[in-house]
Amino acid sequence: MPLDTQLVLFLNSLTSISPALDSIIIFFVSYLAYVLIIAFAIFILFSGYEWRKRFEALGVVLVSVFIARGVITELIRFFYHRPRPFIDLPIQPLFTDPTWSFPSGHATFFFALATAVYLYNKKWGIGFFIATLLMTTSRVIAGIHYPSDIVGGAIIGIAVAYATFYFVRKL
């Protein structure tokens, strides 16, 4: 059995042990994304950077997440159709999602966001990376992604954010 499958089976077995743990997983899967968007707005509005740098950071984030999530992820999903773990495996998902699994759109979006924030402010960026890891790992525990979906999304998001940042800096 592939390691990817073993990890999903093991992590998903952590669900239904405790209602409190399930609630935490549900929070991370469903609501942490909104917390990160609000945190990013706070970062942009109250960072103390000059307005030009704030607009640059906002632009890098918007372009990065659009290209990573809206273009690359959708292009991959157009050609590669990987079913979600709860369809292929005997697991009890906490959520269902009708779209394809690889790469994770959440991982792509939020790793691009975290990387862009990190490139402008290391402390805030580390916080964004930790939150993104909690969110994406929870999506594996919830049975809606394989670990490789998360890794694929992370690679795309990080690479696009770095490329966008350096392209904007060259301009």
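Things to note:
- Checked against (1) without any contact (Cβ under 8 Å) to a residue 60 or more places away in the chain; (2) assigned to a helix (DSSP H, G or I); (3) not charged (D, E, K, R), LEU36 passes all but condition (1).
- Members of region 19-52 found to be surrounded by 13 or more Cβ atoms within 10 Å (Cβ to Cβ) and more than 18 Å from PHE110 (Cα to Cα), listed by number: LEU21, ASP22, ILE24, SER47, TYR49
- Any chance PHE55 is surrounded by fewer than 13 Cβ atoms within 10 Å (Cβ to Cβ) and either of a type in the set (S, T, N, Q) or assigned to a helix (DSSP H, G or I) (or both): yes
- Whichever residue in region 48-106 is without any contact (Cβ under 8 Å) to a residue 40 or more places away in the chain and of a type in the set (Gly, Ala, Ser) and, among such residues, is nearest to THR5 (Cα to Cα): GLY70
- Helices (runs of 4 or more DSSP H) within region 66-171 that include 2 or more residues surrounded by fewer than 22 Cβ atoms within 10 Å (Cβ to Cβ) and at pLDDT below 90: 85-88, 147-170
- Each residue in region 98-113 was checked for being among the small types (Gly, Ala, Ser) and over 9 Å from the mean Cα position of the chain (by Cα), and 1 of them qualify.
- Residue match in region 40-51 (condition: assigned to a helix (DSSP H, G or I) and in contact with a Phe, Trp or Tyr (Cβ under 6 Å, 6 or more places away or on another chain)): yes
- Within region 1-21, the set of residues being among the hydrophobic types (A, V, I, L, M, F, W, C), within 16 Å of ARG139 (Cα to Cα) and either without any contact (Cβ under 8 Å) to a residue 24 or more places away in the chain or assigned to a helix (DSSP H, G or I) (or both) comprises LEU7, VAL8, LEU9, PHE10, LEU11, LEU21.
The values are calculated or read from the model by the stated rules, or taken from the named source; none is laboratory data. Only a predicted model underlies this, so the values are computations on that prediction, with no experimental measurement involved. Heads up, the Cβs are rebuilt from the backbone with ideal geometry, glycines too, and the neighbour counts pull from every protein chain shown.
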